[in-house]
Each structure stands twice: as structure tokens, then as C-alpha cells.
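Novice: Starting off with a structure, shown below.
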Ligand SMILES: [Zn+2]
């Protein structure tokens, strides 16, 4: 079926957009698509037309680092010290999570993402097939980590290894919108030999390698004490630093580490809300990273440390915190903040370039900026980054499929998702 967006605003002018077979087939002046539509193949003649008058057409957003199923822990154990929160709340609850719980938590996350204009997530959690099932059903795109932890114990390594193998085996069975990554959790939860092994495997399988890196001062100090080098240097020694490396956080990377990551073509995902909430005490050196040539994208991290998946909020936070850190209001201007969730992650994760243009994948949002908070409308990028939040998203499209229109989710019964996730949350937190 063809999809037509009628009179959407693109770069300030009204256009009609024809979406066919998952891609932007043609962008024309209003009324200019008629000849195209009659050329559709006979079996594909049906056309759905969406009235997009007054709505801004933009690329949908991409979340560079998250743990989607942690929606089940939203608001459960906030304002606790990091280790108390992990040891007394999160880890015992996670140990109770079944694949079904992960599926339900992920579905809740995906509905929230669709509502706030996100159609891609780079996820890291366990029970990867349950995540893939949710993503596949709800029509988004995802890179899903083959997560791995060993905690220095053989039996732990074997358990996670089995789960990783099972996911890697089936990684191509979920269609082109779902891809796998290798995802060793962090240098303090995975030993040297296993890190090296997973790095080799990522190379062999040509997968991205997704890891938490340099998130706290303690991680750096422990690394120096145990290995005699800082975290990024350790990863380099173990062969993990190349253009496939996707490092979440990178708060305590020093200049030498930034340079070695930049030279290798690696990526850092900055997660400002989670970093602030968990009181990590530092701020990622965005200007230094850019100068070193590092690709920087934006993530929300899990809901348990955010507490939502609204990338509009994180764009604003990223821009503000970087200006504050640099004592320079020109750092990370609004168009650059938008690029952190659109064109830059597209270079890394694909598909397409993260722009609205003919031939690009139809991963799109229609945004309604007619409300008072985004008026009078002097500057679109500024309004999106500094004034808006995810509630401005009116319609979300991924791979040419309408996931939400006029703020109504079309791919799943939203009430049922919320109900089932609440039941799963009660189970895993011991609420019943
Ligand atoms: Zn994380």
C-alpha cells in the first residue's frame, strides 16, 4: 500500500510526500503526486492519505543507548545511592525477570518511544529474543545486544554465554529491522579474556560492539589499580577499539583516551539525564570528543535512571549541560543536538542518512508545534530542542508503516500493553 502525506511542512514549505515500499518515493509540490499514483503497480493500488497540513515533517529519532525493559522499574527506588539501588533493588528484581517480563517491559518502552517520535533503539538487556519479538511486532528498528557478564565466575560466564550464543544464532530470523550487537556489559563486569574473545567475535561476525565505558570515577580508579591503564586504553589493548565500538557514557575519558577513540573511528553515546540522575559527578567532554573525531550520539539509558524515553528532553539536557560545562552558550547548538538523534546515529546504525529526502527510508515523524509552548515559531530547530517535548509528535512512521497517527497507536492495543506491563512490574518487584 502506498502512503501519501498531504501538505506536510518540510523546510518551511508545504509538500506532498509519496511513500512506497518503505521508502520516500517522491516529494512534490501540493497536488504534484497525481501522475505518480496512477503508475503504481495494479496489485498495489491502494493508497492511504494522511492530512498533514500544518504539521512539520522530520526524520524520526534514534536512541543510541537504552535498556528498554527497565520501564518495569520506573520510579521504583529513586533517590538512592547507586550501589544501594543496584544491590537492593535492581539486581534482585532483574534476577526474577522472565523472557515474558522483558517482552512486556520492552513493549511499554516501544509504545512510549513511538509516542515521542523514536523509531530506533540500540538496546542492551538480557532475554534478547523477547526484545526482538516486541520490536518486530510493534514495527520499530533495533540493534539488540548479545549481552554478556561474567563477574569473574565461570558459571556466570557459561550462563550468559549460552544466552548470547542462542541470540546470535537466531539474530537474522527477525527480519531486516532487527540486528544484533555484541554487548559485554562493562570492563568491571566482564574479565579481560572474555572481553578479548567477544571483541574477536564481533569482528568476525561484523557486529557493532556495545559497552558501558568510563561512567564513574570509581570505574577508572579500579581499572588503573587492576590493569595499570585507563578504561579506553584497556579496551584498545584487548583489541576492542575500532570503528565498531559503541561506548555508552564516556564521562571520565581523558584527552589521550578521546584521541585514541577518535583515531579508531569509535562512537560515544552520551546519556545526560541518566548521568545527572545517578550523580556520576562528571560531564562528558563533548567538545573534546568532537575535536578528537569521535562520533557522538544521544541515548536515554534505561528508564530506571532517566525516568523516561523522551529524546526531546535528552536533546535539551545534552545541549544545556554542555554549554554549562564549557561556560560557553555557543557549544552544542540546537541543529547539532538534533543531529545527535538523527543524521549521526544513522551513519552508524543505518539504514539511510537520517534525512527527509527521496530514496531515504520512510522513518518519519509529523510534529505539531501549534501549541503555546512552541509559538510563535521563529526557529524550528530551537523550538524542537529547547521548547518541545515528545508530546508534540502527532504521527510516527517506520519503514513506511504508520505506527501512530493523530496520537493514536495503530500497531498494538496500548491499553493492553500498559496493563500487561503493570502486571509484569508487580511480579518482578515482588508486589504480588
Ligand atoms: Zn546503560
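Novice: Checking the structure you have, find out if any residue of the stretch 264-271 is over 24 Å from residue 317 (Cα atoms) and away from the ligand (no atom under 14 Å from the Cβ).
Specialist: At the first step, the residues of the stretch 264-271 found to be over 24 Å from residue 317 (Cα atoms) are 264-265.
Cutting the leftovers down to away from the ligand (no atom under 14 Å from the Cβ) gives us 264-265.
Yes; the residues of the stretch 264-271 include at least one that is over 24 Å from residue 317 (Cα atoms) and away from the ligand (no atom under 14 Å from the Cβ).
Novice: Given the structure, is residue 137 more than 16 Å from the ligand (Cβ to nearest atom), under 25 Å from residue 353 (Cα atoms), surrounded by fewer than 17 Cβ atoms within 10 Å (Cβ to Cβ) and touching a residue at least 60 places away in the same chain (Cβ under 8 Å)?
Specialist: yes
Novice: So how many residues does the stretch 280-291 have that are within 16 Å of the ligand (Cβ to nearest atom) and either free of Cβ contacts under 8 Å to residues at least 24 places away in the same chain or under 26 Å from residue 119 (Cα atoms) (or both)?
Specialist: 1
Novice: Continuing with the same structure: Just to check your reading of the model, which residue among 3, 82, 110, 10 is surrounded by 23 or more Cβ atoms within 10 Å (Cβ to Cβ) and either touching a strand residue (DSSP E or B) at 6+ places or on another chain (Cβ under 9 Å) or at pLDDT below 95 (or both)? First the steps, then the outcome.
Specialist: Details: 3 fails: surrounded by 23 or more Cβ atoms within 10 Å (Cβ to Cβ); 82 fails: surrounded by 23 or more Cβ atoms within 10 Å (Cβ to Cβ); 10 fails: surrounded by 23 or more Cβ atoms within 10 Å (Cβ to Cβ).
Only one candidate passes the filter, namely 110.
Novice: OK, next. Scanning the stretch 292-306 for residues that are within 14 Å of the ligand (Cβ to nearest atom) and assigned to a loop (DSSP other than H, G, I, E, B), which turns out farthest from residue 277 (Cα to Cα)? I'd like the intermediate steps shown before the answer.
Specialist: Narrowing the stretch 292-306 to residues within 14 Å of the ligand (Cβ to nearest atom): 297-306.
Restricting the remaining residues to those that are assigned to a loop (DSSP other than H, G, I, E, B) gives 299-302, 306.
Values: 299: 14, 300: 11, 301: 11, 302: 12, 306: 7 Å.
Per the criteria, the residue is 299.
Novice: Shifting gears a bit: If you take the residues of the stretch 176-231 that are away from the ligand (no atom under 14 Å from the Cβ) and in a strand (DSSP E or B), which of them is farthest from residue 127 (Cα to Cα)?
Specialist: 209
Novice: Could you tell me how many of the residues in the stretch 76-94 are free of Cβ contacts under 8 Å to residues at least 12 places away in the same chain and either assigned to a loop (DSSP other than H, G, I, E, B) or within 27 Å of residue 416 (Cβ to Cβ) (or both)?
Specialist: Going through the stretch 76-94 one residue at a time, the tally reaches 3.
Novice: Out of curiosity, is residue 119 more than 16 Å from the ligand (Cβ to nearest atom), surrounded by 18 or more Cβ atoms within 10 Å (Cβ to Cβ) and in a strand (DSSP E or B)?
Specialist: On the way: more than 16 Å from the ligand (Cβ to nearest atom): yes; surrounded by 18 or more Cβ atoms within 10 Å (Cβ to Cβ): yes; in a strand (DSSP E or B): yes.
When the stated conditions are applied, residue 119 passes them.
The values are calculated or read from the model by the stated rules, or taken from the named source; none is laboratory data. If you're wondering where the values come from, they're calculated on a predicted model, not measured in any experiment. Neighbour counts run over all protein chains shown; Cβ positions are idealised from the backbone, glycine included.
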